[in-house]
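Comments concern the structure below.
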Amino acid sequence: MSEDNTVRGRDVTKTYTTEQNIQKLERLVEALRENKAFEIQVDNERLYIPAGTEFSIEHEQEGPIHELEFQFRWREDG
């Protein structure tokens, strides 16, 4: 399989300041309201999330620790 067709695995968590999170969430809300694609950079990789992408909210708990994730799921074509 050529390098261009290789499926890469990636699992990155990036922590932002409150102000950075607000800015990202405001852009996200605007894109969702207008049914437009959303672009975000996470750990030096630019991601393009298409309009109409599947969106879910996940809650995990292990003992006293809670985790809440806003998730988008899409398939890259090409």
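The values are calculated or read from the model by the stated rules, or taken from the named source; none is laboratory data. Here the structure is a predicted model, which means the values were calculated and not measured. Neighbour counts are summed over all protein chains in view; Cβ atoms, including those assigned to glycine, are modelled from backbone coordinates with ideal geometry.
Can you list residue pairs whose Cβ atoms sit under 8 Å apart, with the first residue in segment 10-22 being over 16 Å from Gln71 (Cβ atoms) and the second being among the charged types (D, E, K, R) and surrounded by 10 or more Cβ atoms within 10 Å (Cβ to Cβ)? Count only pairs 6 or more apart in sequence or on different chains. Short answer, once both residue conditions are applied: Tyr16/Lys24. Would you be able to say whether some residue in segment 13-27 is among the aliphatic types (A, V, I, L, M), surrounded by 10 or more Cβ atoms within 10 Å (Cβ to Cβ) and at pLDDT below 95? Yes, segment 13-27 has at least one match.
State all residues of segment 1-12 that are part of a loop (DSSP other than H, G, I, E, B) and either of a type outside the set (Val, Ile, Thr) or at pLDDT 95 or above (or both); if no residue qualifies, say none. Met1, Ser2, Arg8, Gly9, Arg10, Asp11, listed by residue number.
For segment 41-78, a residue qualifies if it is small (Gly, Ala, Ser), over 12 Å from the mean Cα position of the chain (by Cα) and at negative phi, and exactly one does: Ala51. Residue count for segment 32-78 under the criterion of being closer than 17 Å to Asp11 by Cβ and not in a strand (DSSP E or B): the result is 4.
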